[in-house]
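J.: Here you go, one structure.
Rule-based calculations on the coordinates, nothing more; no lab input. Computed from a predicted structure; not experimentally measured. Here the Cβ positions follow ideal geometry from the backbone for every residue, glycine too, while neighbour counts run over all protein chains shown.
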Amino acid sequence: MEYTAKFQEIMKEMNKTVIGMNDVIEQILIAILCDGNALLEGYPGVAKTLTIKTLSQIMDLKYSRIQNTPDLMPSDITGTYIIEETGGKRNFKFQPGPIFSNVVLADEINRATPKTQSALLEAMQEKQVTVGNSTFKLELPFFVLATQNPIEQEGTYPLPEAQSDRFLLKINVGYPELEDEDKIIEMYTKEASVPRLAKILTKDKITYYQKKTREVPVAHDLKNRVLQIIDATRKNKALLQYGASPRASINLILAAKARALIRGRNHVTKEDIDTMAYPVLRHRLILNFEAERKGMTTDDAVKEIISKIK
Amino acid sequence: MKEQHTQSKGFEKFPEIKKEIKSSIGSLLVFDTIIDSLAIFAAFYLIFMLLAISPLYGAAISAAYFVPALYLRLRTNKLLMVEKKYSELDIKLRTAADNVGLKNEVAEALDNEIAQEIKNVELSSFFGSRKNTIKITGIIILCFLIVFLSSLNTEFWDVKLFVEDVIKPKPVDNNARIGVDVQAAPLGTEVVFSAVTSGDIYGESSMAPGNVTQQLEVDPIGYEMNIRQEGDSYDEEFEDQFPKEVFAQSAEAHGETIPIEKQELVKRYFKEVAR
């Protein structure tokens, strides 16, 4: 199948620089195919930024990086009007910010102030930016791939629920396996040269795959399964304070479709739904005090909910 | 890059595939239900026969099983049955069935995939030959038992009699007296004997005193007739002269007609004789 071959090619190319992160790469690709945004969370030094950077290099897309800091202003992201003098005449000219790209890497997003974070909101959801009285459409495909780390919480601004809900997936980036880490050491301690990456995915191709993703048929009982999972997050008051929104249902179906396509299937399976439930739901659920006291995570809650659904 | 330029066919082949799956597996399910019903019928026929209940009630039980069982079996998701047997078809058939009107490239690819994989599906895999062989063997054994036990006219327990005993208990007739002392009754008194119905075909045990055991033997297969042992028929000669009048003589009521003045004399006479 054409899709499978293409995605395998991407994996192969990615593995030139990123090792042992195939799951993460697959999930980022899922977010791209769903025309969604992804939030990568992991400890510093686990190659979150490198993964996104490499992927953006493989795709023939405009890429920009925003390093978030507490003093970063919204206009630093969206752009601003500057006075330009031409022929002795002064005019206001819009200077686009880094958001005007196809792939935006918002590094350490939780270090930016809520005001700056919210500047990303409109862009992520509406694919447009409003500066002053003017609204600018963003070039498609557009997606924000943000990173944050779970430690060093002092001086950070955790993403508000409304904003985290706009990320299709929250991808947990863990430490590599010892075997993989050995390969990483081998790769990065011997040669100083950076491997050359081929441009595999063009803008048109990504748009085409995004269209194909939505075409993947889903059986009714699997749709019902998604509804049951989402409904259970709202009703399980023993673990959760707040459940997932209808946006989560949409995103879970879409993510399952994209996973099926990446895995070379023309149909969604139960496994696709169950696997994608974790990255789709983990940032949308709020645990109650009792669950937090027990040291549970949202992943534990999702696991428990899935296990109860036949 | 070759993109979708022509109109995709979608699930074009699937409706035919679905129809074939439904009819093939459906007929197997009907056969299965018939076998089960026959087994139930044979088993109940035997049981009822041994309990002296009309064995045709077995047919009613069998029919009572057949109708809902067939309905439920025909309602089962046959596509799911195929998917369970053939893991490579997992969820594909249901996906196609639920999205049969969808027309796009992915649907078309899935349609082709199903058409290819359905060729590997063997109808015999749904037959359950071992299970059905056991069932059919069981039916045959039950049939033999029915025929054999019928010829012996075997009944383990007569439920009808038991039910009659339980439902209709023995009526108690307070007027019925057994062993009335006729001599103790005053002369000229009419003694009336009431019939005592016990419900037992052998009658009241006290009515048959004595120590002689009667050996009664009823030959259960006595209805069989050996023509060779039967002799020739003979003509019975009847009188062709019939009496002119045919009547029954009415029973005379006998009574003592000794005059009162002679009674003392007769009494004495018998006393003398008795000495």
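J.: Could you tell me how far the Cα centroid of region A:282-307 sits from the Cα centroid of region B:1-68, in Å?
T.: About 46 Å separates the Cα centre of region B:1-68 from the one of region A:282-307.
J.: Which of B:Glu237, A:Glu85 comes first, and how do the rest follow, when ranked by fewest Cβ neighbours within 10 Å? Present the calculation step by step, with values, prior to reporting the outcome.
T.: Numbers: B:Glu237 6, A:Glu85 9.
Least to most surrounded, the residues fall as B:Glu237, A:Glu85.
J.: Considering Cα pairs under 8 angstrom that are at least six residues apart, work out the relative contact order of chain A and quote it in whole percent.
T.: Numbers: 509 pairs, mean separation 69.4, N = 310.
Relative contact order for chain A comes out at 22 percent.
J.: May I pose another question? Using alpha-carbon positions, what is the distance between the centroids of region A:1-63 and region A:250-270, in Å?
T.: 17 Å
J.: Further question: Set the Förster radius R0 to 45 Å, insert the Cβ-Cβ distance between A:Asp231 and A:Glu181 as r into 1/(1 + (r/R0)^6), and round the FRET efficiency to 0.05.
T.: On the way: r = 41 Å, r/R0 = 0.91.
Efficiency, from the Cβ-Cβ distance: 0.65.
J.: Set the Förster distance to 51 Å, then compute FRET efficiency between A:Arg247 and A:Glu85 from the Cβ-Cβ distance, nearest 0.05. Present the calculation step by step, with values, prior to reporting the outcome.
T.: Details: r = 46 Å, r/R0 = 0.90.
Efficiency, from the Cβ-Cβ distance: 0.65.
J.: Testing the spin-label approximation: label points 7 Å from Cα along Cα→Cβ at A:Ile151 and B:Glu264. State their distance in nm.
T.: In this crude spin-label approximation the distance works out to 14.7 nm.
J.: Moving on. Taking K and R as +1 and D and E as -1, what net charge do the other residues with C-beta under 13 Å from the C-beta of A:Arg284 add up to?
T.: On the way: positive: A:Arg166, A:Lys170, A:Arg234, A:Arg247, A:Arg282; negative: A:Glu161, A:Asp165, A:Asp299.
For residues surrounding A:Arg284, the net value is +2.
J.: For a quick check: sort A:His220, A:His283, A:His267 by the number of other beta carbons within 10 angstrom, fewest at the front. Write down the numbers at each step before the final one.
T.: Numbers: A:His220 12, A:His283 23, A:His267 27.
So the ranking, lowest neighbour count to highest, is A:His220, A:His283, A:His267.
J.: Arrange B:Lys92, A:Lys235 by Cβ neighbour counts within 10 Å, fewest through most, would you? Write out the running numbers ahead of the final one.
T.: Numbers: B:Lys92 26, A:Lys235 10.
In order of increasing Cβ crowding within 10 Å: A:Lys235, B:Lys92.
J.: Filter the GluC sites (Glu not before Pro) in region B:1-72 to those in DSSP coil with at most 15 other Cβ atoms within 10 Å of their Cβ, and list the result.
T.: On the way: sites: B:Glu3, B:Glu12, B:Glu16, B:Glu20; in loops: B:Glu3, B:Glu12.
Those satisfying the criteria are B:Glu3, B:Glu12.
J.: Further, regarding this structure: Can you list the GluC sites (Glu not before Pro) in region B:44-124 that are in a DSSP coil and have 10 or fewer other beta carbons within 10 angstrom?
T.: Numbers: sites: B:Glu83, B:Glu88, B:Glu105, B:Glu108, B:Glu113, B:Glu117, B:Glu122; in loops: B:Glu122.
Answer in residue order: B:Glu122.
J.: Suppose R0 equals 35 Å. What FRET efficiency, 1/(1 + (r/R0)^6) with r the Cβ-Cβ distance, do B:Tyr71 and B:Thr133 give to the nearest 0.05? Numbers along the way, then the final one.
T.: Details: r = 26 Å, r/R0 = 0.74.
After rounding to 0.05, the efficiency reads 0.85.
J.: Ignore the peptide's own chain and count Cβ atoms of other chains within 10 Å of each Cβ in B:106-118; give me the average, rounded.
T.: Numbers: counts 14, 5, 2, 9, 5, 2, 1, 4, 2, 0, 0, 0, 0.
Averaged over the peptide's residues, the number is 3.
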